[in-house]
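Here the structure is laid out as structure tokens; the discussion comes afterwards.
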Amino acid sequence: MGVEENNFARGTMSSHIIHLAGPMIVAQLINVLYNVIDRIYIGRIPEVATLAMGGLGLCLPLISIIIAFANLFGMGGSPLCSIARGKGDIDEAEEIMGNSFTLLILFSILIMVIGFLFKEDLLWLFGASENTIGYANDYMSIYLFGTFFVLIGLGMNSFINSQGFAKIGMMTVMLGAVTNIILDPIFIFGLSLGVKGAAIATVFSQFVSAVWTFHFLTGDKTILKIKREKMKLKACHVKRIFSLGMAGFMMGITNSIVTIVCNSTLQSYGGDLYVAIMTIINSIREVISLPGQGLANASQPVLGFNYGAKQYQRVLQGMKFVTIASLVTSLLLWGCVTSLPELFIRIFSHNQDIISHGVVSIRLYFFGFFMMSFQMTGQAIAVGLGKSKQAVFFSIFRKVIIVAPLTIILPRFIGINGVFIAEAISNFIGGGACYITMLLTIGKELMKKSKEVDLIK
């Protein structure tokens with residue numbers, strides 16, 4: 001792709017956003033497949049599928065925390081590398097990448113040690129029962145061994161993408177996902193290892209991704225190389241990496257908090273059955289959120305480029321397009337899930353209790369799903385235009401301030417359904433508040449600047 005093709009100030013805003021959205025959605029989908037595939041196979045383990053699914057659901061908060069640290073150093077360091085490269089300072093760029101690599105190694109060891117020391121206590125805290133603790137403990141014990149591979153594969157892949165090697169970056173994730181798809185049935189059913197087999201397959205697939213990533217970043221095709229002499233930590237680099245990566249980190253942590261609160265409440269009011277149902281619902285949500293999230297993320301570089309070029313009217317056009325496109329996509333997927341909930345549940349489980357109770361739960365949970373499009377676009381626009389603090393606030397606002405308290409309070413008055421209704425309410429309030437605030441702050445600023453430019457002309 002030439003320079004002119006990357007000039008987002010020319011051509012239509014919609015075409016640029018759509019062009020970028022496709023690969024992003026594919027890459028995100030592949031990434032989601034890691035855990036979703038495990039849940040699909042585990043949901044088909046004879047006799048113990050429901051309990052095993054519930055056990056895996058208990059592990060999700062810990063997995064979210066591990067991924068949050070990968071985002072902290074990957075998403076924190078890679079933009080700084082891009083800036084340094086833009087200045088022509090390859091030496092500084094390699095120092096930043098080397099420092100991020102060192103931080104990923106150190107924190108992978110720290111997380112693994114803390115995880116092994118406290119995992120069982122944490123799983124009980126997250127809502128485990130006597131029936132599910134064994135499955136959760138088995139899965140997490142093996143998964144923790146792969147912490148290093150998760151952080152290296154996911155965290156360092158950001159540095160491949162930031163150099164413009166998007167296809168190589170996609171291959172990193174694809175190799176891991178394909179390996180997981182092949183190995184899951186072999187270990188789970190062929191070797192009769194059950195949940196342990198799913199964990200072994202996941203760890204091995206993450207190992208493959210990490211090796212691929214490391215091989216590329218030390219090879220001849222990369223622009224920036226991992227070098228031993230560049231790995232020595234420098235306070236100036238570490239501070240900037242932490243500062244820039246905090247947005248992605250906090251979003252991962254808030255996801256974990258909400259999952260913990262949901263699982264604990266569900267265990268108290270509905271038992272293992274509803275923990276399994278929520279695990280399935282989370283899997284469905286991860287997949288159907290991808291198109292809207294992909295469109296929102298794809299808009300960021302396009303909007304940012306035009307904002308930097310002072311093309312404020314084009315920024316407003318892009319905001320309008322991505323809002324409508326994301327809303328329409330979300331409405332279509334919301335309609336599919338709420339009209340055919342049983343079909344989606346059967347992808348993960350054939351248990352009749354899960355299906356009968358899950359149908360109601362899905363319809364309640366996804367009632368306000370289309371409002372998430374406003375949350376996604378509002379946050380994406382804020383990040384794309386350099387207002388990341390606003391995006392972080394609304395992520396915390398929806399998840400920690402709205403969802404978590406309502407998940408605890410509502411079941412006391414209306415029973416187990418209150419957990420699922422809490423999510424719907426948060427989508428309406430959080431999505432609406434995020435987008436309206438964005439319009440009143442960023443939108444208003446853009447309108448003002450657009451008029452000023454027109455007057456100068």
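A few comments on the model shown:
- Among the residues here, Phe367 qualifies as assigned to a loop (DSSP other than H, G, I, E, B), farther than 19 Å from Leu51 by Cα, assigned by TED's automatic domain parsing to the domain that holds Ile429 and out of contact with any Lys or Arg (no Cβ under 6 Å at 6 or more places or on another chain).
- Taken over the range 156-180, the criterion of being touching a residue at least 60 places away in the same chain (Cβ under 8 Å) and more than 19 Å from the chain's Cα centre (by Cα) is satisfied by Gln163 alone.
- Exclusive hit being within 29 Å of Phe126 (Cβ to Cβ), of a type in the set (A, V, I, L, M) and either at pLDDT 90 or above or touching a Phe, Trp or Tyr at 6+ places or on another chain (Cβ under 7 Å) (or both), set Ile409, Ile347, Ile354: Ile409
- Single match in Phe370, Phe374 (criterion: of a type in the set (Phe, Trp, Tyr), closer than 18 Å to Gly294 by Cα, crowded, with 22+ Cβ neighbours inside 10 Å and without any contact (Cβ under 8 Å) to a residue 60 or more places away in the chain): Phe370
- Checking each residue in the range 405-415 for being aliphatic (A, V, I, L, M) and surrounded by 20 or more Cβ atoms within 10 Å (Cβ to Cβ) picks out only Leu406.
- With respect to the conditions (1) surrounded by fewer than 17 Cβ atoms within 10 Å (Cβ to Cβ); (2) closer than 30 Å to Asn137 by Cβ, Ser205 lacks only one, and its number is (1).
- Ile355 being over 20 Å from the mean Cα position of the chain (by Cα), surrounded by fewer than 21 Cβ atoms within 10 Å (Cβ to Cβ) and assigned to a helix (DSSP H, G or I): yes
To keep it simple, each residue is scored yes or no on (1) among the basic types (Lys, Arg); (2) in a helix (DSSP H, G or I); (3) within 19 Å of the chain's Cα centre (by Cα); (4) at pLDDT below 85.
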residue	(1), (2), (3), (4)
Met250	no, yes, yes, yes
Asn255	no, yes, yes, yes
Val261	no, yes, yes, no
Leu266	no, yes, no, no
Pro291	no, yes, yes, no
Ala298	no, yes, yes, yes
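- The single condition among (1) at pLDDT 90 or above; (2) within 21 Å of Ala309 (Cβ to Cβ) that Glu445 does not meet is (1).
- A search for C-beta distances below 7 Å between a residue of the range 326-344 that is acidic (Asp, Glu) and any residue that is at pLDDT below 95, counting only pairs 6+ apart in sequence or on different chains, returns Glu342/Ile355; Glu342/Val359.
- For Ile280, the criteria (1) within 23 Å of Asn427 (Cβ to Cβ); (2) aliphatic (A, V, I, L, M); (3) in a loop (DSSP other than H, G, I, E, B) hold in every case but one, which is (3).
- Residues that are more than 25 Å from the chain's Cα centre (by Cα) number at least 3 in the following helices (runs of 4 or more DSSP H) confined to the range 400-457: 411-414, 444-456.
- Residue match in the range 378-386 (condition: in the same structural domain as Val315 (by TED's automatic domain parsing), modelled with pLDDT of 85 or more and either of a type in the set (A, V, I, L, M) or surrounded by fewer than 23 Cβ atoms within 10 Å (Cβ to Cβ) (or both)): no
- Unmet requirement for Ser192, which otherwise passes all of (1) within 23 Å of Arg85 (Cα to Cα); (2) in a loop (DSSP other than H, G, I, E, B): (1)
- Residues considered: Val238, Val275. Of these, the only one that is surrounded by 18 or more Cβ atoms within 10 Å (Cβ to Cβ), assigned to a helix (DSSP H, G or I) and modelled with pLDDT under 85 is Val275.
- Extreme residue, farthest from Arg398 (Cα to Cα), among residues of the range 345-359 that are free of Cβ contacts under 8 Å to residues at least 60 places away in the same chain and among the aliphatic types (A, V, I, L, M): Ile355
- Unmet criterion (only one of (1) buried (at least 22 other Cβ atoms within 10 Å of the Cβ); (2) over 17 Å from Pro61 (Cα atoms)) for Thr132: (2)
- Looking only at the range 300-320, and only at residues there that are crowded, with 22+ Cβ neighbours inside 10 Å and modelled with pLDDT under 80, the one that is farthest from Ala21 (Cα to Cα): Asn306
The values are calculated or read from the model by the stated rules, or taken from the named source; none is laboratory data. Note that the structure is predicted; figures quoted are calculated from it, not measured. Cβ coordinates were reconstructed from backbone atoms using ideal geometry, including for glycine residues, and neighbour counts include every protein chain displayed.
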